[in-house]
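Colleague: The structure follows.
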Amino acid sequence: MQLSSQGALHDEIDFEFLGNLSGDPYIVHTNIFTQGKVNREQQFYVCFMVDNIPLRVFDKNEAIGVPFPNSQAMRVYSSIWNADNWATQGGRVKTDCTKAHFTASYKNFNANACVWSSNNTSSCGSNTNSMTSTATWMNRQLYVKRLKWVQKNAHNYCTDFKRFPQGLTPECNQSSLH
């Protein structure tokens, strides 16, 4: 599933269910593009029983030069595509096209979103970062503990020194919730 604006400098938030070998756990790959910039990927093993455990946080860090996807209207997209050259265990597991026709569906899908007007203003106002507001929806300490447990499950761009030997992005050093 993808939330995306249009154009070369687009904002985009992806949730992708990656393939697997039969019997292996499914992986959710998440990615955030801001102003056309990518490389903010995380992967999680999913057990489909979330129990109020957060799966992804991208803090608003514009003060340190990290773009935040809040200045463009976005739409929700959903598709099925073959990414077996990288997505399934680094490309080791290939898609078996003899098992096609592949389908995906969403049931009882709800989205809580800001509405953009024709003059490019949002109904959310200026403070949309729920984790830094004084009225957080969950105890922050418990939230951080649960998120750290989830992040140990697969891949996090903020701990991928092999892929980014030149250094991690600024928000990786800033927040406990990357």
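Where a number appears in this text, it was derived from the coordinates with a stated rule and is not lab data. Computed from a predicted structure; not experimentally measured. Cβ sites come from the backbone with ideal geometry, for glycine too, and all protein chains shown count toward neighbours.
Colleague: Taking 23 Å as the cut-off for C-alpha to C-alpha distance, list the pairs among K94/K152; K37/K60; K37/K162 that go past it.
Modeller: Values: K94/K152 25 Å; K37/K60 15 Å; K37/K162 19 Å.
Distance filter (> 23 Å) returns K94/K152.
Colleague: By per-residue mean of other Cβ atoms within 10 Å, what is the highest-first order of 90-98, 155-163?
Modeller: Values: 90-98: 10.4, 155-163: 14.4.
For the peptides 90-98, 155-163, the packing ranking is 155-163, 90-98.
Colleague: Can I ask one more? Just to confirm a number: summing +1 for Lys and Arg and -1 for Asp and Glu over residues other than C158 whose beta-carbon lies under 9 angstrom from that of C158, what do you get? Before the final figure, lay out the partial values.
Modeller: On the way: positive: R40; negative: D160, E171.
Combined, the nearby Lys, Arg, Asp and Glu give -1.
Colleague: Here's something else I'd like to know. Want the number for N173 to S105: 0.36 nm per residue separation, take away the alpha-carbon distance, what's left?
Modeller: Details: separation 68, 0.36 × 68 = 24.48 nm, distance 3.75 nm.
Using 0.36 nm per residue and subtracting the Cα-Cα distance, I get 20.7 nm.
Colleague: Per 0.36 nm of contour for each residue apart, how much would the distance between N119 and V76 grow if the chain were fully extended, relative to their Cα-Cα spacing? Each step should come with its number before you reach the end.
Modeller: On the way: separation 43, 0.36 × 43 = 15.48 nm, distance 2.04 nm.
Length difference between fully extended and current span is 13.4 nm.
Colleague: Let me ask something else about it. As an exercise, use a Förster radius of 22 Å and the Cβ-Cβ distance of N39 and T95 to find the FRET efficiency, rounded to the nearest 0.05.
Modeller: According to the calculation, E is roughly 0.35.
Colleague: Compute the FRET efficiency between Q6 and H155 as 1/(1 + (r/R0)^6), taking r as their Cβ-Cβ distance and R0 = 30 Å, and round to the nearest 0.05.
Modeller: On the way: r = 28 Å, r/R0 = 0.94.
Given R0 = 30 Å and the Cβ-Cβ separation, E is 0.60.
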